[in-house]
Amino acid sequence: MEVVITSSPDEIGRLGAEAVVQLVSRKPDAVLGLATGSSPVGLYDHLARRVREGEISLRQCSAFLLDEYVGLPEGHPERYRTVIERDFVSKVDIPSAAVSGPDGLAIDIPEACAAYEQAIEDAGGVDLQILGIGSDGHIAFNEPGSSLASRTRIKALTSQTRIDNARFFGGDLEEVPTLSLTQGIGTIMDARHLVLIASGAHKAEAMRNAIEGPVSAMCPGSVVQLHPHVTVILDEAAAVDLTFASYYREAWAAKPKWQGF
Ligand code: F6R
(Lines give C-alpha, C1' and ligand atoms only; values in the text may rest on other atoms or scores of the structure.)
Protein backbone atom coordinates (compact mmCIF):
# COMPACT_ATOMS: atom_id res chain seq x y z
CA MET A 1 0.00 0.00 0.00
CA GLU A 2 1.34 3.39 -0.99
CA VAL A 3 0.28 6.28 1.25
CA VAL A 4 0.78 9.78 -0.14
CA ILE A 5 0.31 12.70 2.23
CA THR A 6 -0.24 15.90 0.28
CA SER A 7 -0.26 19.55 1.24
CA SER A 8 -3.77 20.34 0.01
CA PRO A 9 -7.05 18.86 -1.25
CA ASP A 10 -6.15 20.22 -4.71
CA GLU A 11 -2.97 18.17 -4.71
CA ILE A 12 -5.05 15.06 -3.93
CA GLY A 13 -7.06 15.76 -7.06
CA ARG A 14 -3.96 16.38 -9.15
CA LEU A 15 -2.28 13.14 -8.08
CA GLY A 16 -5.46 11.09 -8.34
CA ALA A 17 -5.98 12.37 -11.88
CA GLU A 18 -2.36 11.53 -12.65
CA ALA A 19 -3.02 7.90 -11.68
CA VAL A 20 -5.94 7.81 -14.14
CA VAL A 21 -3.88 9.51 -16.86
CA GLN A 22 -1.08 6.97 -16.48
CA LEU A 23 -3.58 4.12 -16.77
CA VAL A 24 -5.44 5.52 -19.77
CA SER A 25 -2.15 6.34 -21.53
CA ARG A 26 -1.22 2.67 -21.52
CA LYS A 27 -4.79 1.33 -21.81
CA PRO A 28 -7.06 3.74 -23.72
CA ASP A 29 -10.13 1.52 -23.20
CA ALA A 30 -9.66 1.27 -19.45
CA VAL A 31 -12.59 0.50 -17.17
CA LEU A 32 -12.87 3.13 -14.44
CA GLY A 33 -14.64 2.78 -11.11
CA LEU A 34 -16.19 6.08 -10.07
CA ALA A 35 -17.01 7.40 -6.61
CA THR A 36 -19.43 10.26 -6.05
CA GLY A 37 -19.60 12.77 -3.18
CA SER A 38 -17.17 15.58 -2.39
CA SER A 39 -13.87 13.68 -2.35
CA PRO A 40 -13.42 12.94 -6.08
CA VAL A 41 -14.61 16.31 -7.45
CA GLY A 42 -11.09 17.80 -7.58
CA LEU A 43 -9.77 14.65 -9.22
CA TYR A 44 -12.48 14.85 -11.90
CA ASP A 45 -11.68 18.53 -12.45
CA HIS A 46 -7.98 17.84 -12.92
CA LEU A 47 -8.83 14.99 -15.28
CA ALA A 48 -11.17 17.27 -17.22
CA ARG A 49 -8.39 19.82 -17.65
CA ARG A 50 -6.03 17.19 -19.00
CA VAL A 51 -8.67 15.96 -21.42
CA ARG A 52 -9.37 19.56 -22.52
CA GLU A 53 -5.67 20.15 -23.05
CA GLY A 54 -5.60 17.12 -25.34
CA GLU A 55 -3.24 15.08 -23.19
CA ILE A 56 -5.57 12.10 -22.91
CA SER A 57 -8.98 11.03 -24.09
CA LEU A 58 -11.51 8.93 -22.20
CA ARG A 59 -13.52 8.32 -25.40
CA GLN A 60 -12.82 4.59 -25.36
CA CYS A 61 -13.19 4.16 -21.59
CA SER A 62 -16.16 2.80 -19.74
CA ALA A 63 -17.06 3.34 -16.10
CA PHE A 64 -19.07 1.92 -13.24
CA LEU A 65 -20.42 3.79 -10.24
CA LEU A 66 -19.85 2.43 -6.77
CA ASP A 67 -23.34 2.98 -5.52
CA GLU A 68 -26.75 4.58 -5.85
CA TYR A 69 -29.54 5.69 -3.54
CA VAL A 70 -32.69 3.61 -3.65
CA GLY A 71 -35.82 5.40 -4.77
CA LEU A 72 -34.57 8.79 -5.95
CA PRO A 73 -36.45 9.56 -9.17
CA GLU A 74 -34.66 9.98 -12.49
CA GLY A 75 -33.19 13.45 -12.80
CA HIS A 76 -33.16 14.05 -9.02
CA PRO A 77 -30.11 16.28 -8.52
CA GLU A 78 -28.64 13.97 -5.86
CA ARG A 79 -29.25 10.69 -7.65
CA TYR A 80 -25.70 9.43 -8.18
CA ARG A 81 -26.31 8.84 -11.89
CA THR A 82 -27.19 12.55 -12.13
CA VAL A 83 -24.29 13.59 -9.89
CA ILE A 84 -21.73 11.72 -11.96
CA GLU A 85 -23.12 13.26 -15.14
CA ARG A 86 -22.66 16.72 -13.60
CA ASP A 87 -19.31 16.16 -11.82
CA PHE A 88 -17.57 13.96 -14.38
CA VAL A 89 -19.24 12.94 -17.65
CA SER A 90 -20.14 16.48 -18.71
CA LYS A 91 -16.54 17.62 -18.15
CA VAL A 92 -14.67 14.89 -20.03
CA ASP A 93 -15.17 13.04 -23.31
CA ILE A 94 -16.35 9.66 -22.02
CA PRO A 95 -19.64 8.72 -23.72
CA SER A 96 -22.52 8.98 -21.26
CA ALA A 97 -23.79 5.57 -22.41
CA ALA A 98 -20.49 4.00 -21.34
CA VAL A 99 -21.14 4.93 -17.71
CA SER A 100 -23.29 2.59 -15.63
CA GLY A 101 -24.61 2.62 -12.12
CA PRO A 102 -26.71 0.29 -9.98
CA ASP A 103 -30.42 0.77 -10.72
CA GLY A 104 -31.85 2.33 -7.58
CA LEU A 105 -35.32 2.28 -9.16
CA ALA A 106 -35.35 -1.43 -10.01
CA ILE A 107 -38.48 -3.38 -9.13
CA ASP A 108 -36.46 -6.57 -8.69
CA ILE A 109 -33.48 -5.36 -6.68
CA PRO A 110 -31.62 -8.68 -6.27
CA GLU A 111 -31.86 -9.18 -10.04
CA ALA A 112 -30.61 -5.63 -10.71
CA CYS A 113 -27.65 -6.20 -8.37
CA ALA A 114 -26.77 -9.50 -10.04
CA ALA A 115 -27.03 -7.81 -13.47
CA TYR A 116 -24.68 -5.06 -12.28
CA GLU A 117 -22.10 -7.59 -11.13
CA GLN A 118 -22.42 -9.33 -14.51
CA ALA A 119 -21.99 -6.05 -16.40
CA ILE A 120 -18.74 -5.32 -14.53
CA GLU A 121 -17.50 -8.82 -15.28
CA ASP A 122 -18.52 -8.57 -18.95
CA ALA A 123 -16.54 -5.34 -19.22
CA GLY A 124 -13.45 -7.22 -18.06
CA GLY A 125 -13.46 -5.87 -14.51
CA VAL A 126 -12.52 -2.47 -13.16
CA ASP A 127 -8.95 -1.34 -13.86
CA LEU A 128 -8.85 1.58 -11.44
CA GLN A 129 -11.36 2.17 -8.69
CA ILE A 130 -11.59 5.63 -7.15
CA LEU A 131 -12.75 5.41 -3.54
CA GLY A 132 -13.75 7.94 -0.93
CA ILE A 133 -14.30 6.97 2.69
CA GLY A 134 -17.14 7.80 5.05
CA SER A 135 -16.48 9.27 8.48
CA ASP A 136 -17.71 5.91 9.83
CA GLY A 137 -15.17 4.03 7.68
CA HIS A 138 -17.53 2.95 4.89
CA ILE A 139 -16.33 2.48 1.33
CA ALA A 140 -19.02 2.76 -1.33
CA PHE A 141 -22.04 2.29 0.95
CA ASN A 142 -20.63 -0.73 2.74
CA GLU A 143 -21.32 0.39 6.27
CA PRO A 144 -19.55 -1.01 9.37
CA GLY A 145 -20.44 -4.68 9.77
CA SER A 146 -20.58 -5.31 6.02
CA SER A 147 -19.19 -8.65 4.95
CA LEU A 148 -15.69 -8.26 3.60
CA ALA A 149 -16.72 -10.72 0.86
CA SER A 150 -19.98 -8.95 -0.06
CA ARG A 151 -21.16 -8.36 -3.63
CA THR A 152 -23.51 -5.69 -5.01
CA ARG A 153 -26.64 -5.57 -2.88
CA ILE A 154 -29.06 -3.35 -0.99
CA LYS A 155 -27.66 -1.75 2.14
CA ALA A 156 -29.19 0.54 4.77
CA LEU A 157 -27.22 3.71 5.49
CA THR A 158 -26.09 4.43 9.05
CA SER A 159 -27.53 7.52 10.69
CA GLN A 160 -23.98 8.96 10.68
CA THR A 161 -23.82 8.63 6.86
CA ARG A 162 -27.28 10.14 6.48
CA ILE A 163 -26.28 13.07 8.71
CA ASP A 164 -23.01 13.51 6.75
CA ASN A 165 -24.87 13.45 3.43
CA ALA A 166 -27.72 15.74 4.50
CA ARG A 167 -25.57 18.63 3.23
CA PHE A 168 -26.34 17.48 -0.30
CA PHE A 169 -30.08 17.55 0.47
CA GLY A 170 -30.31 21.13 1.73
CA GLY A 171 -29.48 19.97 5.25
CA ASP A 172 -32.79 18.10 5.49
CA LEU A 173 -32.09 14.68 7.01
CA GLU A 174 -35.58 13.50 6.11
CA GLU A 175 -34.72 13.89 2.44
CA VAL A 176 -31.69 11.56 2.62
CA PRO A 177 -32.69 8.05 1.50
CA THR A 178 -32.24 5.27 4.04
CA LEU A 179 -31.39 2.59 1.49
CA SER A 180 -28.74 2.25 -1.18
CA LEU A 181 -27.51 -0.24 -3.74
CA THR A 182 -23.79 -0.64 -3.40
CA GLN A 183 -20.98 -2.62 -4.89
CA GLY A 184 -19.89 -5.09 -2.24
CA ILE A 185 -16.50 -5.07 -0.60
CA GLY A 186 -15.67 -8.23 -2.57
CA THR A 187 -16.70 -6.43 -5.77
CA ILE A 188 -14.45 -3.47 -4.98
CA MET A 189 -11.55 -5.75 -4.10
CA ASP A 190 -11.73 -7.30 -7.59
CA ALA A 191 -10.64 -3.98 -9.13
CA ARG A 192 -7.02 -4.07 -10.24
CA HIS A 193 -5.97 -0.79 -8.62
CA LEU A 194 -7.65 1.03 -5.74
CA VAL A 195 -7.13 4.77 -5.33
CA LEU A 196 -8.50 5.86 -1.95
CA ILE A 197 -8.69 9.60 -1.38
CA ALA A 198 -9.64 11.62 1.69
CA SER A 199 -9.30 15.17 2.92
CA GLY A 200 -10.17 17.01 6.10
CA ALA A 201 -9.97 16.41 9.83
CA HIS A 202 -13.38 14.69 9.85
CA LYS A 203 -11.78 11.80 7.91
CA ALA A 204 -8.72 11.42 10.19
CA GLU A 205 -10.15 8.71 12.44
CA ALA A 206 -11.53 6.69 9.52
CA MET A 207 -8.19 6.93 7.71
CA ARG A 208 -6.23 5.84 10.77
CA ASN A 209 -8.53 2.85 11.19
CA ALA A 210 -8.45 2.03 7.48
CA ILE A 211 -4.69 2.27 6.98
CA GLU A 212 -3.23 1.34 10.33
CA GLY A 213 -6.02 -0.39 12.25
CA PRO A 214 -6.83 -4.08 12.18
CA VAL A 215 -8.60 -5.36 9.08
CA SER A 216 -12.14 -5.45 10.34
CA ALA A 217 -15.69 -5.32 9.06
CA MET A 218 -16.16 -2.55 11.63
CA CYS A 219 -14.05 -0.33 9.37
CA PRO A 220 -14.83 -1.48 5.82
CA GLY A 221 -12.08 0.79 4.45
CA SER A 222 -9.50 -1.34 6.28
CA VAL A 223 -10.02 -4.09 3.69
CA VAL A 224 -7.71 -2.16 1.34
CA GLN A 225 -4.84 -3.57 3.42
CA LEU A 226 -5.54 -6.93 1.75
CA HIS A 227 -5.36 -5.55 -1.81
CA PRO A 228 -2.10 -5.91 -3.75
CA HIS A 229 -2.25 -2.50 -5.44
CA VAL A 230 -3.54 0.41 -3.39
CA THR A 231 -2.72 4.11 -3.56
CA VAL A 232 -4.01 6.18 -0.65
CA ILE A 233 -3.88 9.93 -1.22
CA LEU A 234 -4.81 12.21 1.64
CA ASP A 235 -4.11 15.69 2.95
CA GLU A 236 -2.36 16.67 6.18
CA ALA A 237 -5.66 17.09 8.04
CA ALA A 238 -6.84 13.58 7.20
CA ALA A 239 -3.37 12.17 7.98
CA VAL A 240 -3.04 13.75 11.40
CA ASP A 241 -3.67 10.52 13.34
CA LEU A 242 -1.35 8.28 11.31
CA THR A 243 1.41 6.75 13.41
CA PHE A 244 3.64 5.97 10.46
CA ALA A 245 3.24 9.32 8.65
CA SER A 246 6.94 10.14 8.58
CA TYR A 247 7.73 6.84 6.87
CA TYR A 248 5.00 7.43 4.25
CA ARG A 249 6.57 10.81 3.50
CA GLU A 250 10.05 9.32 3.23
CA ALA A 251 8.84 6.53 0.97
CA TRP A 252 7.05 8.99 -1.31
CA ALA A 253 10.13 11.23 -1.50
CA ALA A 254 12.29 8.19 -2.33
CA LYS A 255 9.90 6.74 -4.92
CA PRO A 256 11.65 6.06 -8.24
CA LYS A 257 10.08 8.18 -11.02
CA TRP A 258 9.83 5.20 -13.40
CA GLN A 259 7.53 3.39 -10.99
CA GLY A 260 4.42 5.50 -11.57
CA PHE A 261 1.17 4.60 -9.90
C1 F6R B 1 -19.98 7.63 -2.91
C2 F6R B 1 -19.30 6.70 -2.03
C3 F6R B 1 -19.08 7.03 -0.59
C4 F6R B 1 -18.30 8.31 -0.41
C5 F6R B 1 -18.11 8.62 1.07
C6 F6R B 1 -17.36 9.91 1.29
O7 F6R B 1 -20.09 7.08 -4.18
O8 F6R B 1 -18.95 5.66 -2.45
O9 F6R B 1 -18.40 5.98 0.03
O10 F6R B 1 -17.05 8.20 -1.04
O11 F6R B 1 -19.35 8.69 1.68
O12 F6R B 1 -18.15 10.96 0.81
P13 F6R B 1 -17.56 12.43 0.62
O14 F6R B 1 -16.50 12.31 -0.41
O15 F6R B 1 -18.72 13.24 0.16
O16 F6R B 1 -17.02 12.81 1.95
(message) Between residue 115 and residue 215, what is 0.36 nm times their sequence separation minus the Cα-Cα distance? Round to one decimal in nm.
(response) 33.1 nm
(request) Per DSSP H run of n ≥ 4, the term is -39500 (n - 2.57); total these for the chain, divide by its residue number, and report the mean residue ellipticity at 222 nm rounded to 500 deg cm²/dmol. (result) -9500 deg cm²/dmol
(request) State the percentage of accessible surface on the chain attributable to carbon and sulfur atoms; use a 1.4 Å probe and exclude ligands, DNA and RNA. (result) 54
(request) Read phi for every residue in region 66-83 and hand back ³J(HN,Hα) as whole Hz from Karplus 6.51 cos²θ - 1.76 cosθ + 1.60, θ = phi - 60°, with x for Gly and Pro. (result) 6, 6, 7, 5, 8, x, 6, x, 3, x, 4, x, 9, 5, 4, 5, 6, 4
(message) On a straight-distance basis, which aspartates and glutamates could pair with residue 255 in a cross-link, Cα separation under 13 angstrom, same-chain partners fewer than 8 positions away excluded?
(response) 2
(request) Under 13 Å Cα to Cα from residue 27, which aspartates and glutamates show up? Leave out anything in the same chain fewer than 8 places away. (result) 127
(message) Need the full-extension length gain, residue 74 to residue 93, defined as separation in residues times 0.36 nm minus the C-alpha distance. One decimal, nm.
(response) 4.6 nm
(request) Looking at the chain, send over the antiparallel percent of its DSSP beta bridges, to the nearest 5. (result) 30
(request) Give me D for region 2-256 in µm² s⁻¹, whole number, from Stokes-Einstein with Rh from the Kirkwood sum over alpha-carbon pairs, 10 °C and 1.306 mPa s. (result) 87
(message) Quick check for you: with a 1.4 Å probe and neighbouring chains kept, what is the accessible area per residue of region 1-155, in Å²?
(response) 39
(request) Obtain the nm distance between the two label points defined at residue 49 and residue 7 by a simple spin-label model: each point lies 7 Å from its Cα along the Cα-to-C-beta direction. (result) 1.5
(message) Please give the Cα centre distance for region 238-257 versus region 128-180, rounded to the nearest Å.
(response) 28
(message) When a/c reaches 1.5 or more, the comparison of a/b and b/c decides; with that in mind, is region 104-261 rounded, prolate or oblate per its Cα gyration tensor?
(response) oblate
(message) For a protection proxy built on the mean count of beta-carbon atoms within 10 angstrom, sort 27-38, 131-142 highest first, please.
(response) 131-142, 27-38
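The values are calculated or read from the model by the stated rules, or taken from the named source; none is laboratory data. Just so you know, these numbers come straight off a predicted model, no measurement behind them. Note that we place each Cβ from the backbone using ideal geometry, even for glycine, and neighbour counts take in every protein chain shown. Side chains are part of the model used for accessible areas, which takes the heavy atoms of the whole protein and leaves out ligands, DNA and RNA. Shrake-Rupley method; radii C 1.70, N 1.55, O 1.52, S 1.80 Å.
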